[in-house]
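A.B. asks: Provided herewith is a single structure, encoded as structure tokens, for subsequent inquiry.
The values are calculated or read from the model by the stated rules, or taken from the named source; none is laboratory data. Since this is a predicted model, take the numbers as computed values, not measurements. Note that we place each Cβ from the backbone using ideal geometry, even for glycine, and neighbour counts take in every protein chain shown.
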Amino acid sequence: MKLTTTRDGRSYLVPFLLVTSLFFMWGFAHAILEVLNPHLKNLLGLNHTNAAWVQVATYAAYFLMAIPAGKIIQRWGYRGGVLTGLVLYGVGALLFLPICVLGAKADNPALLYPAFIALLFIIGCGLTCLETSANPYVTVLGPKASAEQRINLAQSLNGLGWICGPLVGGLFFFGDEAEGQVPSIASVATPYVIVGVFVLLAALGFRFSRLPEPRDPSNSPSEADNREKRKEKARTPSIEGRVGEGFLFRSRIFVLGVIALFLYVAAQTGVNSNFVAYMGENVAMSRAEASLWLSFGGMGLFFIGRLVGSWLMGYVRADRLLLLYAVGATVGSLVIVCLGGRMSIGAFFLVYLCESIMFPTIFSLALRGAEGNTKQASSYLIMTIVGGAVAPPLMGCIADASSIGLAFVVPMICYIFIGIYAHAARLKD
């Protein structure tokens, strides 16, 4: 497989496939939040703003844990980061069981809402370690020229997790409601316990597997590459002064990439967390039905978009494709803001299709400016996932004060900036 074979003939196919399985795990963890949010909102009597803490807790962990995760990877390698992430993820998920048992016995289950938020924060810390390890890892498991294509292919499995999350969560969370029964807080525990067991078993598998640490940022540089590096060193009196954090933040494409990635995660999380509520208020759709539309419609197109996007990058430059997708997402958001009814469903589908390649493509384009600081740069890029803690409460405030449709102006602004970033990346080359 050319995508995972370096110029010296070394193949990284097996570690690529092994690490790619992690993308499904955190895709599922994020996607199930989009149905957990409305479920807890209904179960505990929360408003839009308070329910947004489900996303805030998970995504805030990325900001606080990203730098420690980077230190773990620098000290123990990518494998150490993966193991740390899996253990935190699995333990946090299993702890849902005792909390739900206590909630079922409590007179006022809403008092345990902070405990749910704390567990989601622990899971978020685990996801931070996984993403800080896996995202940059797949970019170096093969030729540098195909990094964007490789990470988009790996992120396709992440898209499959986004399909399964709302589907599984909807079946457990809204199953009683669909049958006319009163939903129980015990329904929250079941999917998390299943996932927790699966994740800890995966941790055992990684514990006894061998993951190579390839050259960073490229593999087996040619003599031409070495000559170019020597010329660059001769032109720069103090190369040490450029290495590390100072150099990273003098790279325009990296800095703009950090901002674009922050805004993308904000947009994606804002759209996902308000999809079910929007369908209930503007399309008169039940939560169970909306979760199915989210799973098979929105996330299905998200998954397909990543597969197609990965294929298209074999023929179209990544920055050009990103610009096209950003324009499509902006148009879809504008329709959601201005129109309601069944037409808005098609607009949501357009947004999900166009979101598909954004995260891995922005991530990989930004890493192009890291110049040998991939692990450190990855920590800063993963920190931007805190954007997911910003958009849901902001959109919740707009929805409580005005309408949920107007709240979608927030992701629309984010997509506009992503288009600007894609154009800037084109100009760089």
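A.B. asks: Here is a check on your reading of the model: is Asn108 in contact (Cβ under 8 Å) with a residue 12 or more places away in the chain and among the polar types (S, T, N, Q)?
C.D. replies: Judged against the criteria, Asn108 is not a match.
A.B. asks: OK, next. Among Ile185, Ile239, which is surrounded by 11 or more Cβ atoms within 10 Å (Cβ to Cβ) and either modelled with pLDDT of 75 or more or under 20 Å from Thr20 (Cβ atoms) (or both)?
C.D. replies: Just one listed residue meets the conditions, Ile185.
A.B. asks: With (1) modelled with pLDDT under 80; (2) closer than 25 Å to Gly298 by Cα as the list, and Leu160 as the residue in question, which single condition is left unmet?
C.D. replies: (1)
Here's the yes/no breakdown for (1) in contact (Cβ under 8 Å) with a residue 60 or more places away in the chain; (2) over 30 Å from Val19 (Cβ atoms); (3) in contact with a Lys or Arg (Cβ under 7 Å, 6 or more places away or on another chain):
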{"position": "Leu40", "(1), (2), (3)": "yes, yes, no"}
{"position": "Leu44", "(1), (2), (3)": "yes, yes, no"}
{"position": "Asn47", "(1), (2), (3)": "yes, yes, no"}
{"position": "Ala60", "(1), (2), (3)": "yes, no, no"}
{"position": "Gly70", "(1), (2), (3)": "yes, no, yes"}
{"position": "Gly77", "(1), (2), (3)": "yes, no, no"}
{"position": "Gly80", "(1), (2), (3)": "no, no, no"}
{"position": "Leu83", "(1), (2), (3)": "yes, no, yes"}
{"position": "Val87", "(1), (2), (3)": "yes, no, no"}
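This table checks each residue for (1) over 19 Å from Pro166 (Cβ atoms); (2) of a type in the set (Ser, Thr, Tyr); (3) touching a Lys or Arg at 6+ places or on another chain (Cβ under 9 Å).
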{"residue": "Thr269", "(1), (2), (3)": "no, yes, no"}
{"residue": "Asn272", "(1), (2), (3)": "no, no, no"}
{"residue": "Phe275", "(1), (2), (3)": "no, no, no"}
{"residue": "Glu289", "(1), (2), (3)": "no, no, no"}
{"residue": "Arg317", "(1), (2), (3)": "yes, no, yes"}
{"residue": "Leu323", "(1), (2), (3)": "yes, no, yes"}
{"residue": "Leu334", "(1), (2), (3)": "yes, no, no"}
{"residue": "Ser356", "(1), (2), (3)": "no, yes, yes"}
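A.B. asks: Quick check on the stretch 350-361. Is at least one of its residues in contact with an Asp or Glu (Cβ under 9 Å, 6 or more places away or on another chain) and surrounded by fewer than 24 Cβ atoms within 10 Å (Cβ to Cβ)?
C.D. replies: no
A.B. asks: Being crowded, with 20+ Cβ neighbours inside 10 Å and part of a helix (DSSP H, G or I) narrows it down to one residue among Ala288, Ala267; which is it?
C.D. replies: Going through Ala288, Ala267 in turn, the sole match is Ala267.
A.B. asks: For the stretch 41-58, does any single residue satisfy the condition of being among the hydroxyl-bearing types (Ser, Thr, Tyr), out of contact with any strand residue (DSSP E or B) (no Cβ under 9 Å at 6 or more places or on another chain) and crowded, with 23+ Cβ neighbours inside 10 Å?
C.D. replies: There is at least one residue in the stretch 41-58 that is among the hydroxyl-bearing types (Ser, Thr, Tyr), out of contact with any strand residue (DSSP E or B) (no Cβ under 9 Å at 6 or more places or on another chain) and crowded, with 23+ Cβ neighbours inside 10 Å.
A.B. asks: With the requirement that a residue be among the basic types (Lys, Arg) and modelled with pLDDT under 85, what does the stretch 67-116 give you?
C.D. replies: Passing the criteria: Arg79, Lys105.
A.B. asks: Also, quick follow-up: Can you say whether Ala178 is of a type in the set (A, V, I, L, M), at pLDDT below 70 and touching a helix residue (DSSP H, G or I) at 6+ places or on another chain (Cβ under 6 Å), as far as the supplied structure shows?
C.D. replies: yes
A.B. asks: Applying the selection to the stretch 242-255, what residues are at pLDDT below 85, in a helix (DSSP H, G or I) and aliphatic (A, V, I, L, M)?
C.D. replies: Those that are at pLDDT below 85, in a helix (DSSP H, G or I) and aliphatic (A, V, I, L, M): Leu248, Ile253.
A.B. asks: Do you know which residues across the stretch 383-429 are small (Gly, Ala, Ser), under 17 Å from Val258 (Cβ atoms) and crowded, with 21+ Cβ neighbours inside 10 Å?
C.D. replies: Gly387, Gly388, Ala389, Ala391, Ala422, Ala425
A.B. asks: From the list Ile123, Ile99, Ile151, exactly one residue is more than 19 Å from Val197 (Cα to Cα) and of a type in the set (A, V, I, L, M, F, W, C). Which is it?
C.D. replies: Of Ile123, Ile99, Ile151, the one residue that is more than 19 Å from Val197 (Cα to Cα) and of a type in the set (A, V, I, L, M, F, W, C) is Ile151.
A.B. asks: Now for a separate question. Would you say Gly314 is in a loop (DSSP other than H, G, I, E, B) and either at pLDDT below 85 or small (Gly, Ala, Ser) (or both)?
C.D. replies: For Gly314, the condition - in a loop (DSSP other than H, G, I, E, B) and either at pLDDT below 85 or small (Gly, Ala, Ser) (or both) - is met.
A.B. asks: Within the group Arg320, Arg306, which residue is surrounded by 24 or more Cβ atoms within 10 Å (Cβ to Cβ), among the basic types (Lys, Arg) and either modelled with pLDDT under 85 or part of a helix (DSSP H, G or I) (or both)?
C.D. replies: Criteria check complete, one pass: Arg306.
A.B. asks: Residue check: is Gly340 out of contact with any strand residue (DSSP E or B) (no Cβ under 6 Å at 6 or more places or on another chain), touching a residue at least 60 places away in the same chain (Cβ under 8 Å) and outside any helix (DSSP H, G or I)?
C.D. replies: Answer is yes for this residue.
A.B. asks: If you don't mind, there's one more thing I want to ask. Can you confirm whether the stretch 115-130 contains a residue that is touching a residue at least 24 places away in the same chain (Cβ under 8 Å), surrounded by 24 or more Cβ atoms within 10 Å (Cβ to Cβ) and on the phi > 0 side of the Ramachandran plot?
C.D. replies: Taking every residue of the stretch 115-130 in turn, none turns out to be touching a residue at least 24 places away in the same chain (Cβ under 8 Å), surrounded by 24 or more Cβ atoms within 10 Å (Cβ to Cβ) and on the phi > 0 side of the Ramachandran plot.
A.B. asks: Could you identify the single residue in Val258, Val331, Val327 that is within 23 Å of Ser156 (Cβ to Cβ), modelled with pLDDT of 85 or more and either touching a Pro at 6+ places or on another chain (Cβ under 6 Å) or not hydroxyl-bearing (Ser, Thr, Tyr) (or both)?
C.D. replies: After ruling out the rest, the residue left standing is Val327.
A.B. asks: Can you tell me which of (1) touching a Gly at 6+ places or on another chain (Cβ under 9 Å); (2) within 18 Å of Ser379 (Cβ to Cβ); (3) surrounded by fewer than 24 Cβ atoms within 10 Å (Cβ to Cβ) is the one Leu97 doesn't meet?
C.D. replies: Looking at each condition in turn, Leu97 falls short on (2).
A.B. asks: Follow-up question, since we're still on this one. Of the residues that make up the stretch 136-149, is at least one touching a residue at least 60 places away in the same chain (Cβ under 8 Å), in a helix (DSSP H, G or I), touching a Gly at 6+ places or on another chain (Cβ under 6 Å) and buried (at least 24 other Cβ atoms within 10 Å of the Cβ)?
C.D. replies: No, there is no match, as no residue in the stretch 136-149 is touching a residue at least 60 places away in the same chain (Cβ under 8 Å), in a helix (DSSP H, G or I), touching a Gly at 6+ places or on another chain (Cβ under 6 Å) and buried (at least 24 other Cβ atoms within 10 Å of the Cβ).
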